[in-house]
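One structure is given here, and the rest of the page talks about it.
The values are calculated or read from the model by the stated rules, or taken from the named source; none is laboratory data. Quick caveat, the model's predicted, so the values are computed rather than measured. As a convention, Cβ positions derive from the backbone with ideal geometry for all residues, glycine included, and neighbour counts pool all protein chains shown.
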Amino acid sequence: MTSIPKTQKALIIPELGAPYTLIERQVPSPGPEDVLVKIEAIGLNPSEWKVLDLDMAMLAGHMQLSKTYPAAVGQDAAGIVVDVGSGVTNFSKGDRVLFHGWFEDDYSPHQEYALAIADNVAKIPSSMGFLEASSIPLTLATAALGLSMPYSATAIGGLGLKGFWEDDAQGFYKGQSILILGGSSSIGQFAIQITRYLGFSQIITTSSVKHTDFLRKLGATHVIDRHADIAKETKAIVGDAGFKYIYDCVSDPVSQTEVDYLAPGGTIVVVNLVPDTLKFADDRKAIFLWGLPRLFKDAGKAMYSKLPEFLAKGIIKPNRVEKLPGGLQGIHEGVKRLKGGQVSGQKLILVPSETA
């Protein structure tokens with residue numbers, strides 16, 4: 001294995017409204033519970049453009065960050081472990097891994113080497129490439145935690161289902177239905193795979209029709225054209241009762257129409273803030289979740305400990321991917337396409353070693 005350099009290329013946001021900027025910074029050393037990863041691939045998410053328009057001070061308050069600008073962000077990566085902390089026993093140098101990054105300089109995957117908390121790292125099977133592996137962390141966590149975390153009236157939460165990592169989870173929800181809005185999104189793809197494993201008999205999703213066959217292979221039982229009359233189409237499948245569980249993977253923001261798909265007492269989990277103008281009759285509820293394992297430590301650790309088995313068995317499959325040219329500098333094209341809605345059914349990937 002090659003020696004670890006002292007410095008590396010990295011991406012930061014210098015100030016509010018500024019574009020991603022390439023800098024040189026120190027390669028960090030792992031703390032007791034960390035691993036140092038040489039990053040082979042970085043997955044991009046819609047959050048990559050959304051954080052450009054956010055005040056990092058506000059974000060810092062929500063996520064217990066220690067600083068604001070310059071901001072190091074990003075969350076998805078895969079690579080090779082090159083150093084381990086003194087307290088880490090489940091990873092060794094040379095392990096091929098994926099990991100969930102964090103909005104701190106040393107833990108941001110938007111660089112050539114990054115630290116990762118060992119509890120948020122998973123080994124990847126030899127049959128899986130780094131590009132595919134880097135498509136997994138954030139959106140899998142958002143899907144899994146959104147499905148499994150309990151509802152909270154005062155904080156982020158989810159639908160309160162069993163986590164797929166629990167011993168008795170497989171097939172537990174046989175006979176039940178769920179509506180997944182935006183099934184071809186990265187979050188939607190993982191939500192479909194997880195709910196199939198949980199045993200849902202009807203997994204109904206909305207999508208562009210070109211993704212129908214792909215989503216059926218993942219586990220969707222019904223795929224509705226996202227431009228269709230969704231209320232009419234879902235009633236034809238489940239009747240007038242509505243849904244106990246809905247996952248809106250693409251809400252921007254969630255609408256009253258979507259809330260009205262719920263059965264009395266039902267819950268919809270969304271990936272954007274819930275507007276305070278919505279009306280919730282008959283104990284219907286909406287809850288926001290962003291899949292950050294650091295904020296759900298026990299569940300995050302349990303999920304990552306079980307993930308290698310699920311990847312090896314093909315129960316959870318990565319997204320389809322497209323590699324962008326230019327290494328880290330490909331972030332500019334990626335952000336433009338994500339913000340413009342020009343990405344559908346796949347994940348954009350950067351390869352740091354290709355940076356000029």
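You will find that of Ile187, Ile237, Ile192, Ile224, the residue that is hydrophobic (A, V, I, L, M, F, W, C), part of a strand (DSSP E or B) and either farther than 20 Å from Met303 by Cα or in the same structural domain as Leu278 (by TED's automatic domain parsing) (or both) is Ile224 and no other. Taking segment 109-122 as the range and being closer than 22 Å to Gly327 by Cβ and buried (at least 24 other Cβ atoms within 10 Å of the Cβ) as the test, the residues that pass are Pro109, His110, Gln111, Tyr113, Ala114, Leu115, Ala116. Whenever a residue of segment 153-166 is within 15 Å of Ala141 (Cβ to Cβ), its partners that are modelled with pLDDT under 85 and buried (at least 16 other Cβ atoms within 10 Å of the Cβ), lying with C-beta atoms within less than 9 angstrom and at least six residues away or across chains, give the pairs Ile156/Trp290; Ile156/Leu292; Ile156/Leu295. When you go through Val335, Val343, Val321 one by one, which is the residue that is touching a strand residue (DSSP E or B) at 6+ places or on another chain (Cβ under 6 Å) and of a type outside the set (Ser, Thr, Tyr)? None of the other options fit; the residue is Val321. Here Val274 meets each of (1) touching a residue at least 12 places away in the same chain (Cβ under 8 Å); (2) of a type outside the set (Phe, Trp, Tyr); (3) farther than 19 Å from Pro46 by Cβ; (4) touching a strand residue (DSSP E or B) at 6+ places or on another chain (Cβ under 7 Å) with one exception, condition (3).
Number of residues in segment 301-327 that are assigned to a helix (DSSP H, G or I) and either of a type in the set (S, T, N, Q) or assigned by TED's automatic domain parsing to the domain that holds Phe164 (or both): the value is 1.
Of the residues making up segment 308-319, those that are surrounded by fewer than 18 Cβ atoms within 10 Å (Cβ to Cβ) and in contact (Cβ under 8 Å) with a residue 40 or more places away in the chain are Pro308, Ala312, Ile315, Lys317.
Whether any residue in segment 240-256 is touching a strand residue (DSSP E or B) at 6+ places or on another chain (Cβ under 7 Å), closer than 30 Å to Glu309 by Cα, in contact (Cβ under 8 Å) with a residue 24 or more places away in the chain and of a type in the set (Ser, Thr, Tyr) is what I want to check. Yes, segment 240-256 has at least one match.
Residues that are of a type outside the set (Ser, Thr, Tyr), touching a Ser or Thr at 6+ places or on another chain (Cβ under 9 Å) and buried (at least 20 other Cβ atoms within 10 Å of the Cβ) are absent from segment 331-344 altogether. Please tell me if Lys162 is surrounded by 16 or more Cβ atoms within 10 Å (Cβ to Cβ), among the charged types (D, E, K, R) and either in contact with an Asp or Glu (Cβ under 9 Å, 6 or more places away or on another chain) or part of a helix (DSSP H, G or I) (or both). The answer is yes for Lys162. The requirement of being surrounded by fewer than 24 Cβ atoms within 10 Å (Cβ to Cβ), assigned to a helix (DSSP H, G or I) and modelled with pLDDT of 95 or more is not satisfied by Leu140.
Screening Ser47 with (1) surrounded by 13 or more Cβ atoms within 10 Å (Cβ to Cβ); (2) under 26 Å from Ser251 (Cα atoms); (3) modelled with pLDDT of 90 or more gives one miss only, at (3). When you check Ala299 against the structure, is it within 30 Å of Pro125 (Cβ to Cβ), surrounded by fewer than 21 Cβ atoms within 10 Å (Cβ to Cβ) and of a type in the set (A, V, I, L, M), yes or no? Taking the combined requirement at face value, the residue satisfies it.
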